[in-house]
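The values are calculated or read from the model by the stated rules, or taken from the named source; none is laboratory data. Fair warning: this is a prediction, and the values are worked out from it, not measured in the lab. Note that we place each Cβ from the backbone using ideal geometry, even for glycine, and neighbour counts take in every protein chain shown. Side chains are part of the model used for accessible areas, which takes the heavy atoms of the whole protein and leaves out ligands, DNA and RNA. Shrake-Rupley method; radii C 1.70, N 1.55, O 1.52, S 1.80 Å.
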Amino acid sequence: MDASTLQELQKVPLFSTLSGGQSSCLALGEIVHLDAGKVLASEGDPIDFFYVLLEGEMRVSRNYENQAVLMGVTKPGMFLGEISLLLDSPNLATVRALKPCRLFRLGKDGFWQMLSGCPSVASQIFRTMATRVRNMEGYSQQREKLASLGTMAAGLAHELNNPATAARRASAHLREVVENLQTCACELHESLKPEHWQPLIDASQTAIARLATTAPLDSVARGDREDQVATWLEKHGVADGWKLAPAFVTANMDDAELATLVAKLPREALGYAFGWLEASLSLHSLLNEVEGSTTRIAELVKAVKAYSYMDQTPMQEVDVHEGIENTLTVLGHKLKNVTLTRKYDRAIPKIMAYGGELNQVWTNLLDNAIDAVKGTGKICIATFLDDDQVVVEIADNGSGIPPDVQSHIFEPFYTTKGVGSGTGLGLVISSRIVANRHGGEIEFESVPGDTRFKVRLPIKRASGSPNAAG
């Protein structure tokens, strides 16, 4: 991609926050053109690309009872294709050019690379997708799956924000730390003899090794300790001790250790020596922070990719525990105050199943359990074998399902969540996925303080059973 195209892309709101180094995540893209009246994507057809409109205008519509319903108009700077790529599903709408169009296009691999390498872009995509999904929920019975994706997208946007912000903050601070390190090293080159360097390097290596094992102090204790270290440094002729103290406290350096180092260094070099030591410790801490943040981002992207079973055939050998754990990851923002207990029988075998569809079942059941405990109670997930069936049990200690409601919970559009809060299709679709697609069943029992849903999935599919259907 040439420099002028890259500059143009960075003017698009989606890519405006990218730094020079992050722009490499767009390298797999290309510019394409579409004449007015031409169809970019048809409803029901596979879609293999993510698009950003640079010039022109496009109409997005869906068919309902043989009538094309306008869903929206795409204008320059807007993007499309992300929902189908994440769902690994056919295109949900028909997109037609109203004017000659020029677009930036990324294939599946480039799309996932962009999500992994550009957290600010991923966060915007998930936020926009969450809004789009909510707007589409009311149009068909597919809306329950879209609602699950919307929940996932909103959650991922929230989860991505913390590590992305931390990585951005650490990256900004790294430049200052490296400059300080270089300045101090240049000054020490003139004032330290070779025999003075070794104790300084030893102190740095010892403190860095301790960073991984030192438990963090609470804010009050840390503040007191920083004041003590700053005062000690200034008493020993080290200026700006308050700037250096936080790094030394983080590495759990005590007064005796600092005093030993002072005794081995020339007094006139103490300022730059301790400045070099502080910069060395800060550099290591910041690199750990960047690594931790980017690892978390990669884990989230990996989880959503596994959640939707991207790049895999629908029917395959599935470990139900992996699907449950991926679902828990994408629902993590809702589980922060929930006491979650796992009672897994890791010896249960893999089963032939539609992994993405089962993940939708786990999402619906867990989301209902989270609502039942109001985001603060207890949820227990258990797996076990029973009569040649893999059983997944999801229990909560919420208020329970009222007896007069229990006979209706598998009826289409019946919801207890209130107007606008539930679609009334979650349990219906979950039941169809389990029964019609996998030859299993969902059963439940509920009393106040103890509601249990059990999903039973056969280990062996009978010939000609619904589970054998493609």
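Could you please give the count of residues in region 248-302 that are of a type in the set (Asp, Glu) and closer than 30 Å to Ala167 by Cβ?
Let us first name the residues in region 248-302 that are of a type in the set (Asp, Glu), namely 254-255, 257, 268, 278, 289, 291, 299.
Narrowing further to those that are closer than 30 Å to Ala167 by Cβ: 278, 289, 291, 299.
Qualifying residue count for the region: 4.
With respect to Ala170, is the statement that it is at pLDDT 65 or above, touching a helix residue (DSSP H, G or I) at 6+ places or on another chain (Cβ under 8 Å) and within 20 Å of Asp367 (Cα to Cα) true?
Numbers: at pLDDT 65 or above: yes; touching a helix residue (DSSP H, G or I) at 6+ places or on another chain (Cβ under 8 Å): yes; within 20 Å of Asp367 (Cα to Cα): no.
So Ala170 does not fit the description; no.
Name the single residue, out of those in region 57-75 being open to solvent by 20 Å² or more (accessible area, probe 1.4 Å) and either of a type in the set (Gly, Ala, Ser) or in contact with a Gly (Cβ under 6 Å, 6 or more places away or on another chain) (or both), that is modelled with the lowest pLDDT. Outline the logic, then answer.
Initially, region 57-75 is screened for residues open to solvent by 20 Å² or more (accessible area, probe 1.4 Å), giving 57, 59-60, 63-73, 75.
Restricting the remaining residues to those that are either of a type in the set (Gly, Ala, Ser) or in contact with a Gly (Cβ under 6 Å, 6 or more places away or on another chain) (or both) gives 60, 68, 72.
On the way: Val60: 91, Ala68: 77, Gly72: 84.
Only one residue tops the list, namely Ala68.
Restricting to region 18-36, what's the tally of residues that are part of a loop (DSSP other than H, G, I, E, B), surrounded by fewer than 16 Cβ atoms within 10 Å (Cβ to Cβ) and modelled with pLDDT under 85?
So the answer is 4.
To keep it simple, each residue is scored yes or no on (1) of a type in the set (Asp, Glu); (2) assigned to a strand (DSSP E or B); (3) at pLDDT below 90.
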residue: Thr313; (1), (2), (3): no, no, yes
residue: Ile324; (1), (2), (3): no, no, no
residue: Leu340; (1), (2), (3): no, yes, no
residue: Ala347; (1), (2), (3): no, no, no
residue: Glu357; (1), (2), (3): yes, no, yes
residue: Cys380; (1), (2), (3): no, yes, no
residue: Thr383; (1), (2), (3): no, yes, no
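Can you name the residue in region 213-240 that is over 39 Å from the mean Cα position of the chain (by Cα) and of a type outside the set (A, V, I, L, M, F, W, C) and, of all such residues, is most open to solvent (accessible area, probe 1.4 Å)?
Lys235
Are any residues in region 165-222 farther than 18 Å from Lys264 by Cα, assigned to a helix (DSSP H, G or I), of a type in the set (Gly, Ala, Ser) and out of contact with any Ser or Thr (no Cβ under 6 Å at 6 or more places or on another chain), and if so, which ones? If you could, list the steps in order and put the result at the bottom.
Narrowing region 165-222 to residues farther than 18 Å from Lys264 by Cα: 165-183, 186, 208-222.
Of the ones still in play, those that are also assigned to a helix (DSSP H, G or I) are 165-183, 186, 208-211, 219-222.
Narrowing further to those that are of a type in the set (Gly, Ala, Ser): 166-167, 170-172, 209, 219, 221.
Listed by number, the residues that qualify are Ala170, Ser171, Ala172, Ala209, Ser219, Ala221.
Go through region 258-281 and count every residue that is surrounded by 15 or more Cβ atoms within 10 Å (Cβ to Cβ) and assigned to a helix (DSSP H, G or I).
Total satisfying the criteria: 16.
Is it true that Asp345 is open to solvent by 20 Å² or more (accessible area, probe 1.4 Å) and within 23 Å of the chain's Cα centre (by Cα)?
On the way: open to solvent by 20 Å² or more (accessible area, probe 1.4 Å): yes; within 23 Å of the chain's Cα centre (by Cα): no.
It is false that Asp345 is open to solvent by 20 Å² or more (accessible area, probe 1.4 Å) and within 23 Å of the chain's Cα centre (by Cα).
Mind listing whichever residues of region 6-17 are farther than 23 Å from Thr294 by Cα, assigned to a helix (DSSP H, G or I) and open to solvent by 20 Å² or more (accessible area, probe 1.4 Å)? Quick ask: steps written out before the conclusion?
Of all residues in region 6-17, those farther than 23 Å from Thr294 by Cα come to 6-9, 11-12.
From what's left, assigned to a helix (DSSP H, G or I): 6-9.
Across region 6-17, the qualifying residues are Leu6, Gln7, Glu8.
For region 78-100, enumerate the residues that are within 22 Å of Val121 (Cβ to Cβ) and touching a Leu at 6+ places or on another chain (Cβ under 7 Å).
Within region 78-100, Met78, Phe79, Ile83, Ser84, Leu86, Leu87, Val95 qualify.
Six or more apart or on different chains, Cβ atoms under 6 Å: show the pairs whose first residue is in region 332-360 and more than 26 Å from Leu85 (Cα to Cα) and whose second is open to solvent by less than 30 Å² (accessible area, probe 1.4 Å) and in a loop (DSSP other than H, G, I, E, B).
So the pair list comes out as Asn337/Gly375.
Is it the case that Met78 is of a type in the set (A, V, I, L, M, F, W, C), open to solvent by 50 Å² or more (accessible area, probe 1.4 Å) and more than 22 Å from the chain's Cα centre (by Cα)? Working first, answer last.
On the way: of a type in the set (A, V, I, L, M, F, W, C): yes; open to solvent by 50 Å² or more (accessible area, probe 1.4 Å): yes; more than 22 Å from the chain's Cα centre (by Cα): yes.
So Met78 fits the description; yes.
When the residues of region 86-114 are narrowed to those that are in a helix (DSSP H, G or I) and over 20 Å from Leu54 (Cα atoms), which ends up farthest from the chain's Cα centre (by Cα)?
Out of the qualifying residues, it is Asp109.
All but one of (1) farther than 22 Å from Leu14 by Cα; (2) touching a residue at least 24 places away in the same chain (Cβ under 8 Å) hold for Phe50; which doesn't?
So the condition that Phe50 fails would be (1).
With respect to the numbered conditions (1) under 16 Å from Ala93 (Cα atoms); (2) assigned to a strand (DSSP E or B); (3) open to solvent by 40 Å² or more (accessible area, probe 1.4 Å), which one is the sole condition not fulfilled by Pro46?
So Pro46 meets the others, but not (2).
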